[in-house]
Amino acid sequence: MINSRTRCWGGVSSLLSEEYENRMQMEIHLVSPAVRLHLVDLHRPLFYEEENLEKYDVMIYLEDDIRVSPSTIASYLMETQRVRELVGDEEFSDYNIGIVRYEYNFPPDTVIQDNTRHLVKKSTRVYWEHSKRPVFSKAADILPEKERKLLGDGYFQMSNHHQGMFMATPELLRKWAEREKCNFDVVRDRPGQGHQPTEGTQRVWMSSHMLHGKRHCNVRQLLPVDNFATLTVHHISNKNYRRVGKEGRIGGGGLHNAMPNSFEKPPEVEGPSPLLLSAMEMHIEISKSFYSVNMTSYEGIKSYEGILMLDLIDRANWVKDKQDYFALVDRRMKAFEDYVERGGYMVEADYTDLLDDYNAELEEWEAKADLAKSAAKLAAKEAKKGKKGKKTERKKGKRKTKRKAKTNNE
């Protein structure tokens, strides 16, 4: 499915042509789960490979739940060039254009349905990591006078410079590697004593604190006043705004009236209906209807042009449920290799494999629905029997009253 989203049609002689050029080159690297929280370190050596520094215009590191649009990247490159023109080549690497994440503040404990949709009329984007007042002095900072003389009055920075991602040009990466107290090319653990960090988690350290921390690289985060909105990105998981004002969280630390913050897992809750048509199912149905092939040989099949998947797992590392895990990896890699050999076409076995989880969920949902219907019918039957019994009792009561009245009359 990702292959179908990453085609670039530039360079074709006709829009009616089935050929396309300049496809994005993507590689998926499989690594051992044993790397755990240090998965966030693995981008840095890739960024500093000389071939990549020569080949690419911009490097982007981001957490997997951030949506970065082409306009965000274009704004970064444009603003980076503008800063260079303002401060010159010597001081250019003292700065980097920053990013601010947002979420939507939907009612935290309400299921949005037809009868509750009025509750979202005031929902809007919120910068949950920067919820302090007054905004300029607590959440954001105007630049020092010395830097305003260089850059003008069109920039500011966030007081909390964590952004969950960063972008950098190859030239900036090279300069930061040589910068005093920076060594941006060297992967290292977050500062701390033993297992107790002093500057956030490893992902916070690698994405933001190493680069912008005053005791480390001390690169100034810059946000342009006139282009700020294009450098804000959606944190797709959309859950962190719920933390604000709770004990031990943003806005809740040290307050006697902070909302309690529970870390207990809730009981099992009902998820969304599996009757919803997912993107994967739609993609599979399109592929089955228009692209599926039944072949006994691969003669005449065009060579595969698409995403590459590389197994870089160190199998000597400890992995939970090792035997089952590696069996799954081997099965998936074999399916991918067969898919590549077919030139990027899926066959029935692929469809079945991809929809196994969905079909199992649907069967479970249908079984629950059948039980619920049976229970409802039984309850209705019992209720009807109860009503009938009450009616019979009333009739008996009336007959008894009539007999008693007749006896009294006699």
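Values in this text are rule-based calculations from the coordinates and carry no lab data. All figures in this text were calculated on a predicted structure; none of them were measured in a lab. Cβ placement follows ideal geometry from the backbone for every residue including glycine, while neighbour counts extend to all protein chains displayed.
Just want to confirm a number: the relative contact order over the range 171-230, from Cα pairs under 8 angstrom separated by 6+ residues, in percent.
Working: 53 pairs, mean separation 15.5, N = 60.
Value for the range 171-230: 26 percent.
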For Arg101, distant residues with modelled amide H under 5 Å away: Val233
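Could you give the length gained by full extension between Ala360 and Val58, i.e. 0.36 nm per residue of separation minus their alpha carbon distance, to one decimal place? Could you put the intermediate results ahead of the total?
Values: separation 302, 0.36 × 302 = 108.72 nm, distance 4.23 nm.
Gain in length upon complete extension: 104.5 nm.
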Span from the the range 339-358 Cα centroid across to the the range 69-86 one, whole angstrom: 40 Å
Leu77 paired with Phe136, simple spin-label distance in nm, labels 7 Å along Cα-to-beta-carbon: 3.2 nm
Mean Cα-pair separation over length for the range 95-216, i.e. relative contact order, pairs under 8 Å, 6 or more apart, %: 20 percent
Distant-in-sequence amide H partners of Met158 (H built 1.01 Å from N, under 5 Å): Asp141
Cα→Cβ-extended label distance, 7 Å offset, between Phe336 and Ser278, nm: 1.9 nm
Cα centroid separation - the range 148-175 against the range 106-123, whole Å: 37 Å
Val244-Lys322 pseudo-label distance in nm [points 7 Å out on the Cα-to-Cβ vector]: 4.7 nm
Cα-based shape type of the range 131-228, given that a ≥ b ≥ c are square roots of the gyration tensor eigenvalues and the cut on a/c is 1.5: oblate
Per-residue ³J(HN,Hα) for the range 65-71, Karplus 6.51 cos²θ - 1.76 cosθ + 1.60, θ = phi - 60°, Hz, x for Gly and Pro: 10, 10, 9, 10, 9, x, 5
In order through the range 190-205: 3J(HN,Hα) via Karplus (6.51 cos²θ - 1.76 cosθ + 1.60), integer Hz, x for Gly, Pro: 4, x, x, 10, x, 8, 9, x, 9, 9, x, 7, 4, 5, 5, 4
Gain on full stretching of the segment that runs from Thr110 to Ala376 - 0.36 nm per residue minus C-alpha separation: 93.2 nm
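From the cross-link list Lys265/Lys320; Lys121/Lys246; Lys121/Lys368; Lys122/Lys246, which pairs have alpha carbons spaced over 28 Å apart? Intermediate results must be reported in sequence, preceding the final value.
On the way: Lys265/Lys320 22 Å; Lys121/Lys246 24 Å; Lys121/Lys368 34 Å; Lys122/Lys246 21 Å.
Among Lys265/Lys320; Lys121/Lys246; Lys121/Lys368; Lys122/Lys246, the Cα-Cα distance tops 28 Å for Lys121/Lys368.
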Within straight-line cross-link reach of Lys138, aspartates and glutamates at Cα separation under 15 Å, skipping those fewer than 8 residues along the same chain: Glu129
Whole-Hz ³J(HN,Hα) from phi, Karplus 6.51 cos²θ - 1.76 cosθ + 1.60, for the range 331-336, glycine and proline x: 5, 5, 5, 5, 4, 5
